[in-house]
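What follows is a set of notes on a single structure, which appears directly below.
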Amino acid sequence: MAIMPELSNPAGLHETPGYHHVTIADAKRLVFLAGQCPLDEQGRLTGPGDLLAQVGQVVSNIEIALASAGATPADVVRTVIYVVSAEQADLAEVWSMLRGSSIAAALDSASTLLGVAQLGFTGQLVEIDVTAALPG
């Protein structure tokens, strides 16, 4: 049985493009995923320089990692999305791709989207840090 996090956007804070400012979860178990990179099962970088391909691989990796812990995107209480770009348009594109993906429910909770100078692997453009909450 999944817990239902309480999501809210308190008065006095700006309107959001789909996430919530506050996520409250009454959980017995927390699931912390390492930053999910666009690496395939063999450890090869998917789509060097290709944002769409890399987002797809990261989404797949998140699904696998969550399922291994008995969690789903609906159990996610926080995401941090890192994109190698200083361009707002690139960040918006990644957000749109994720909102249209199979893990879109994970982005309903508290989410942060950051443009960064570099990530850990040469050619890597995106990484997502995920936290989920589960009942006992």
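The values are calculated or read from the model by the stated rules, or taken from the named source; none is laboratory data. Model, not experiment: these values are computed from the prediction. Heads up, the Cβs are rebuilt from the backbone with ideal geometry, glycines too, and the neighbour counts pull from every protein chain shown. Ligands, DNA and RNA are excluded from the accessible area calculation, which covers all protein heavy atoms including side chains. Shrake-Rupley method; radii C 1.70, N 1.55, O 1.52, S 1.80 Å.
Quick notes on this structure:
- Stretched out straight at 0.36 nm per residue, the stretch from Ser68 to Asp26 would grow longer than its current Cα-Cα span by 13.0 nm.
- Solvent-accessible area, 1.4 Å probe, carbon plus sulfur percent, for the chain: 55
- The chain: angle of helix 88-99 to the longest principal axis, Cα-based, in degrees nearest 10: 60
- Inter-label distance for Ser8 and Ala34, nm, one decimal - labels placed 7 Å from Cα along Cα-to-Cβ: 3.7
- Dividing the mean sequence gap of close Cα pairs (under 8 Å, 6+ apart) by how many residues the chain holds gives a relative contact order of 37 percent.
- Simple label model, 7 Å out from Cα along Cβ direction - Ala92 to Glu41, nm: 3.8
- Within the chain, helix-based [θ] at 222 nm, where runs of 4 or more DSSP H residues each add -39,500 (n - 2.57), nearest 500: -7000 deg cm²/dmol
- A straight chain from Ser102 to Ala117 at 0.36 nm per residue would run longer than the Cα-Cα distance by 2.7 nm.
- Helix 51-68 axis versus longest C-alpha principal axis of the chain: approximately 40°, rounded to the nearest ten.
- Take segment 51-94 with all the other protein chains still there, run a 1.4 Å probe, and you get 42 Å² of accessible area per residue.
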